[in-house]
Every structure is written in C-alpha cells, then in structure tokens.
Amino acid sequence: VLEGGNCELHQQLACLLSAFPARINPAIRALPQPFPPQAEYRVATRSPEAALLRFCPLVEESTACLAAWRLLAMIYQPLFFQRLRVEQNIGYVVSCRFYQAAGRSGILFALQSPHLTTAELAARIDHFLVQMNSELAALSPQALWETCQIVLKEQQQVPTGALEASRYRWLRAQQMIPQPNITDLQALTPDSVLAFHQRLLADGRHAFYLVNQRLS
C-alpha cells in the first residue's frame, strides 16, 4: 500500500516494481469458508472467570439490514453497559458494538464475570435484548435521527496512527469495511428498527458463541 507522494513518484515506483525479481501473485478476492455449524466454540484459559462472546451476524445481506444493524448497535451500546456493568455489576468486561470478522458483519456482545457462569452470561444477553423491545417501541423519530447522525459521524473517522490509517483506507477501498449510506439510514423508521431488532431476536440460533473453559 502506497500512501502519499505525487503522480511522478508513483510512476517511478511503478517502473522499479516492473523489474521485481520474484513472482507476483494475482489478487484473489474470495470470501472465507464459513465455520462448520455448531452452537458454541470453546477455548481453554487459565482464568477462573467466565467469559463469553456472542456474535449476531446480519439476518440478510442488504444495505438496509447493514444500516439497521449499525443503528441497533449504537442504541444497544450505552444501555448494555449501564444495565450489566453499572446496575447488575456482573464484571469488568461489558461491551456491545458493531463488528466485522471473517468477512461477516454483525453485532458483538462481550461479557466476563467472576461470579456468573457462561450460561448465565448468555441468559443476561437474552434478557437485555427482550427488554429492548419496550425501549425501541418508545423510540421517537427525532431520537432515531440523532442516533443516525452519530453513526454517520463515527464511520467517517479514520484511525490516527499512520499504519492503522493506511490499513483502514485499504480495507475501505477493497470494500471489506461495508458502511451504510445516508439514504439507507434516512429510510429507517422507529417501526422498521423495531422490526429488525425482533428479527435479530428470532434469528438467535444463527449467532456464534465463543466461551472459555478453564484448564484443569
């Protein structure tokens, strides 16, 4: 990846690279193979504390669903932390955000607790999502649009480090960081956001779980 310079410098570098002594492999843009279907993945750890990651992928590959998932993650995020970290004090790690992994986009929930089991952590996430039905049913168009503005502002932010910024721009150019556009966000209504939330709830069987298992 080349960052900076001008057209003259780019041409000079192109001439130098034309004499590159090794074979250059053509770019291959293939989606990674999906994980084999299973309800849960386990990793051995030395920590006695329970940890759980739950990744909820998009229920459909559409720009409307992408916009709704970004918006839902933004709505969930502060409430998830407030209820599970501040009010219930389940542990130090309480996170919810939009996430991309292995070529798939979705919402990632992360929890760690010294006194709850991984099954109990999963139940807390389920309970939170059920509670969100009433929260989203009361969402006003004005509050929805304000959250859309936050999503648009967030996706325009570029990492500050040179290496991170270069990698981010390359991923964007390769369309490996899909971003909702303003048209899709403007088309969302409180009712449609609630409908997407309920689809996320109904599609729970397609979520990926990663839990820890203490080494003996």
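The values are calculated or read from the model by the stated rules, or taken from the named source; none is laboratory data. It should be emphasised that the depicted structure is a prediction, and the values quoted were computed from it without experimental measurement. Note: ideal-geometry Cβ built from the backbone for every residue, glycine included; neighbour counts use all protein chains shown. All accessible areas refer to the heavy atoms of the entire protein, side chains included, with ligands and DNA or RNA removed. Shrake-Rupley method; radii C 1.70, N 1.55, O 1.52, S 1.80 Å.
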- [ ] Taking R205 as the residue in question, decide whether it is within 30 Å of S47 (Cβ to Cβ) and part of a helix (DSSP H, G or I).
- [x] yes
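Could you say whether any residue in the range 96-107 is open to solvent by less than 30 Å² (accessible area, probe 1.4 Å) and among the aromatic types (F, W, Y)?
Scanning the range 96-107, I find no residue that is open to solvent by less than 30 Å² (accessible area, probe 1.4 Å) and among the aromatic types (F, W, Y), so the answer is no.
Would you check if there is a residue in the range 119-141 being on the phi > 0 side of the Ramachandran plot and not aromatic (F, W, Y)?
To start, the set of residues in the range 119-141 that are on the phi > 0 side of the Ramachandran plot comprises none.
Looking through the range 119-141, none of the residues is on the phi > 0 side of the Ramachandran plot and not aromatic (F, W, Y).
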Task: Test set (1) touching a residue at least 60 places away in the same chain (Cβ under 8 Å); (2) open to solvent by 50 Å² or more (accessible area, probe 1.4 Å); (3) closer than 20 Å to Q77 by Cα - L144 fails condition number - done: (2)
Task: Candidates L72, L84, filtered to the one that is assigned to a helix (DSSP H, G or I) and more than 16 Å from F196 (Cα to Cα) - done: L84
TODO: From (1) under 24 Å from P190 (Cβ atoms); (2) at pLDDT 95 or above; (3) assigned to a strand (DSSP E or B); (4) not small (G, A, S), pick out the condition that doesn't hold for F98.
DONE: (2)
Open item on the list: Given the condition modelled with pLDDT of 95 or more and out of contact with any helix residue (DSSP H, G or I) (no Cβ under 7 Å at 6 or more places or on another chain), answer yes or no: does some residue in the range 104-111 qualify?
Closed with: yes
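Report whether or not L111 is in contact (Cβ under 8 Å) with a residue 40 or more places away in the chain and outside any helix (DSSP H, G or I). Quick ask: steps written out before the conclusion?
Values: in contact (Cβ under 8 Å) with a residue 40 or more places away in the chain: yes; outside any helix (DSSP H, G or I): yes.
Yes: the conditions hold for L111.
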- [ ] May I ask you to verify whether Y168 is aromatic (F, W, Y), open to solvent by 80 Å² or more (accessible area, probe 1.4 Å) and farther than 19 Å from E40 by Cβ?
- [x] no
Task: Some residue of the range 81-92 being modelled with pLDDT under 95, surrounded by 15 or more Cβ atoms within 10 Å (Cβ to Cβ) and among the aromatic types (F, W, Y) - done: no
Open item on the list: When you scan the range 112-124, do you find a residue that is exposed (fewer than 14 other Cβ atoms within 10 Å of the Cβ), modelled with pLDDT of 95 or more and among the hydroxyl-bearing types (S, T, Y), even just one?
Closed with: no
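Scan the range 170-202 residue by residue and report those that are at pLDDT below 75 and part of a helix (DSSP H, G or I).
Quick first cut of the range 170-202, residues at pLDDT below 75 only: 170-178.
W170, L171, R172, A173 - these are the residues of the range 170-202 that are at pLDDT below 75 and part of a helix (DSSP H, G or I).
Determine, yes or no, whether R54 is of a type in the set (D, E, K, R), open to solvent by less than 20 Å² (accessible area, probe 1.4 Å) and touching a strand residue (DSSP E or B) at 6+ places or on another chain (Cβ under 8 Å). I'd like the intermediate steps shown before the answer.
Numbers: of a type in the set (D, E, K, R): yes; open to solvent by less than 20 Å² (accessible area, probe 1.4 Å): yes; touching a strand residue (DSSP E or B) at 6+ places or on another chain (Cβ under 8 Å): yes.
Taking the combined requirement at face value, the residue satisfies it.
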Open item on the list: Any residue that is modelled with pLDDT of 90 or more, open to solvent by 10 Å² or more (accessible area, probe 1.4 Å), in contact with a strand residue (DSSP E or B) (Cβ under 7 Å, 6 or more places away or on another chain) and under 20 Å from L210 (Cβ atoms) - is there at least one of those in the range 58-74?
Closed with: yes
- [ ] Would you confirm whether any residue within the range 7-30 is charged (D, E, K, R), under 29 Å from the mean Cα position of the chain (by Cα) and either at pLDDT 85 or above or outside any loop (DSSP other than H, G, I, E, B) (or both)?
- [x] no
